[in-house]
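Report on the following structure.
The values are calculated or read from the model by the stated rules, or taken from the named source; none is laboratory data. Owing to the predicted nature of the structure, the values given are computational and were not obtained by experimental measurement. Glycine gets a Cβ as well: all are built from the backbone with ideal geometry, and neighbour counts include every protein chain shown. For the accessible areas, the whole protein counts, side chains as well, though only heavy atoms, and no ligand, DNA or RNA atoms are used. Shrake-Rupley method; radii C 1.70, N 1.55, O 1.52, S 1.80 Å.
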Amino acid sequence: MAKRDYYDVLGVSKGASADELKKAYRQKAKELHPDRNSDNPDAEAQFKEANEAYEVLKDADKKAAYDRYGHAAFEGGMGGGRPGGPGQGDYASAFSDVFEDLFGDFMGGGQRGGRQRASRGSDLRYNLRVTLEEAYSGLQKAITVPTSVACHSCDGSGAEGGAEPQTCPTCSGMGKVRAQQGFFTVERTCPTCSGIGQIIKNPCQTCRGSGREEKERSLNVNIPAGVETGTRIRLAGEGEAGMRGGPSGDLYIFIEVAQHELFQRDGIDLYCRVPVAMTTAAIGGDVEVPTIDGGRSRVKVPSGSQSGRQMRLKNKGMPALRGGSSGDMFIELAVETPVNLTSRQKELLAEFEKLSEENNPHLSSFFAKVKGFWDGMKS
């Protein structure tokens, strides 16, 4: 049976580029592999045919000979079946060219040249709770972080006495080994060094060759003024130590500002609800209020003030985290009704009520609306 044209086998034109040939062969290899076509008795033969075609066309010299003489270039009359021609059983070299493209992600993430000798340490998170006063002024706070640090015995190398690790003799430092299985060249993680590419003949007794040891570490953290819940502070290189001398990770401080018994915060503004006596709200007066910096401010209460009335103290709020002006503090009045009245106080309030019928505009307006509502219901 006459051989099919190699270009037809791969489904490309005669002027196809090397990249087009490789792409076409990848597709054919996927389609025709015997493991995927157990129900097709011709799949193996077609797979071999595609391998043979690519073995010739990927080589510039063989391709030139084939383009000029066709299949005769590799038969007895045109080269005597020289070793460079396509053999019936030699398909591994062609398939190995695209092996990593086909299965690289599955077999090791598509990495070439082995894994890193030393790996970066993990980032760490530390949740830090501060008071509103501390968030206002900023502070330096000492924290204790449980983490992995470079082994003190081997200086992070993993080898006893700080000796340098040696290149793995099994994989020659690549971290991977290859094995021929039929048409495949299979890459696996090196069993000797576990993919690191280096071995330690005499592991450190303290860290057992990892180059790290568990330890609590004390740090002083600068908390800037103006932080709020959710603020994140990054300390570069203060995270977990890397494996075998690799760089350390980072430490992230996440801030939580505790609730305050006097102040409520909204961004850089503060709110304080201040109770005032009914008489002070009625005739006016002064009240003394606290400020977040520990000071005091006197606020004038206008006569006739109602509950919920707000007054602003400029620049008495929280500082902006990245500089700039401070926020404001808003005083909200809460008019308090007196309780536990004496008989005399009740008499005076009753007399006051008789004299103040014209002094409650909202009360008069409300009951006027109520009367209109009831009259409307009757009609």
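Descriptive notes on the structure:
- Helices (runs of 4 or more DSSP H) fully within the stretch 22-124 counting 1 or more residues that are at pLDDT below 50 and surrounded by fewer than 15 Cβ atoms within 10 Å (Cβ to Cβ): 92-108
- If you go through the stretch 197-243 and pick out every residue that is open to solvent by 50 Å² or more (accessible area, probe 1.4 Å), in contact (Cβ under 8 Å) with a residue 60 or more places away in the chain and under 30 Å from Gly317 (Cα atoms), you end up with 4.
- Residues in the stretch 196-220 that are among the hydrophobic types (A, V, I, L, M, F, W, C) and within 15 Å of Pro146 (Cα to Cα): Leu219 only.
Residue-wise test of (1) farther than 19 Å from Glu133 by Cβ; (2) open to solvent by less than 50 Å² (accessible area, probe 1.4 Å); (3) not in a loop (DSSP other than H, G, I, E, B).
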| position | (1), (2), (3) |
| --- | --- |
| Gln259 | no, no, no |
| Pro275 | yes, no, yes |
| Val287 | yes, yes, yes |
| Asp293 | no, no, no |
| Arg298 | yes, no, yes |
| Arg312 | yes, no, yes |
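- Looking only at residues in the stretch 135-160 that are open to solvent by 70 Å² or more (accessible area, probe 1.4 Å) and either modelled with pLDDT under 80 or in a loop (DSSP other than H, G, I, E, B) (or both), the one that is farthest from Ile292 (Cα to Cα) is Glu160.
- When the stretch 34-66 is limited to residues that are basic (Lys, Arg) and under 49 Å from the mean Cα position of the chain (by Cα), the one that is farthest from Leu21 (Cα to Cα) turns out to be Arg36.
- Just one of the listed residues (Ala258, Ala277, Ala282) is more than 24 Å from Leu349 (Cα to Cα) and among the small types (Gly, Ala, Ser), namely Ala258.
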